[in-house]
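The values are calculated or read from the model by the stated rules, or taken from the named source; none is laboratory data. Given the structure is predicted, the values throughout are model-derived calculations rather than measurements. Virtual Cβ from ideal backbone geometry, glycine too; neighbours counted across all protein chains shown.
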Amino acid sequence: SVLCFMPLPTGEPVKQADVVLLGFPLMDPMDPEVRRNDLEIYEPVTDPQGPAMTWSMFAIGWLELKEVKRAQQQMSKCFSNITEPFKIWVENSDGSGAVNFLTGMGGFLQAIFFGYAGFRISRSCL
């Protein structure tokens, strides 16, 4: 695939995981160094109040690179989107956005299966 490079606008936060999704779930073939660069560049500029599924995608990326501590830092952020008293997921960690945010819940489960457990689904195998 051919990707067009456009530099990030300085000072503008990225709302949610974007480039990081090239590694997972798109599984675009890339050198581990490129994957690491994507994570290191986008992690600090991603809005900390962004949607819940963002952090699980970063966690999967770090786990692919065997960076368990960095993955756990991202997974810990997922818990900020769980509200009391019924442990309902909301879109944003400040409690705003969609309630019963399935995308966030799904991202969390993906981090367990595809991150920590290492599952991958392809045409030829699981």
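Structure data summary
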quantity: Residue count for the stretch 71-86, restricted to those that are buried (at least 17 other Cβ atoms within 10 Å of the Cβ) and within 12 Å of the chain's Cα centre (by Cα); calculated: 5
quantity: Residue satisfying condition, being part of a loop (DSSP other than H, G, I, E, B) and among the small types (G, A, S), within set S124, S76, S80, S56; calculated: S124
quantity: Odd one out for P44 among (1) within 23 Å of L102 (Cβ to Cβ); (2) assigned to a loop (DSSP other than H, G, I, E, B); calculated: (1)
quantity: Selected residue (criterion: nearest to the chain's Cα centre (by Cα)) from residues of the stretch 87-126 that are among the hydroxyl-bearing types (S, T, Y), modelled with pLDDT under 95 and under 20 Å from F24 (Cα atoms); calculated: T103
quantity: Looking only at the stretch 7-19, and only at residues there that are touching a Ser or Thr at 6+ places or on another chain (Cβ under 8 Å) and aliphatic (A, V, I, L, M), the one that is nearest to I82 (Cα to Cα); calculated: A17
quantity: Any hit, the stretch 86-101, residues being assigned to a strand (DSSP E or B), polar (S, T, N, Q), in contact (Cβ under 8 Å) with a residue 40 or more places away in the chain and out of contact with any Leu (no Cβ under 8 Å at 6 or more places or on another chain); calculated: yes
quantity: Residue list for the stretch 60-70, restricted to those being assigned to a helix (DSSP H, G or I) and either on the phi > 0 side of the Ramachandran plot or buried (at least 21 other Cβ atoms within 10 Å of the Cβ) (or both); calculated: I60, G61, W62, L63
quantity: Tally of residues being in contact with a Pro (Cβ under 9 Å, 6 or more places away or on another chain), crowded, with 19+ Cβ neighbours inside 10 Å, among the hydrophobic types (A, V, I, L, M, F, W, C) and at pLDDT below 95 across the stretch 1-59; calculated: 1
quantity: Complete set of residues in the stretch 36-63 that are among the hydrophobic types (A, V, I, L, M, F, W, C), farther than 14 Å from S80 by Cβ and over 8 Å from the mean Cα position of the chain (by Cα); calculated: L39, I41, V45, W62, L63
quantity: Filtered residues of the stretch 87-126 (kept if exposed (fewer than 14 other Cβ atoms within 10 Å of the Cβ), closer than 15 Å to Q16 by Cβ and among the charged types (D, E, K, R)); calculated: D94
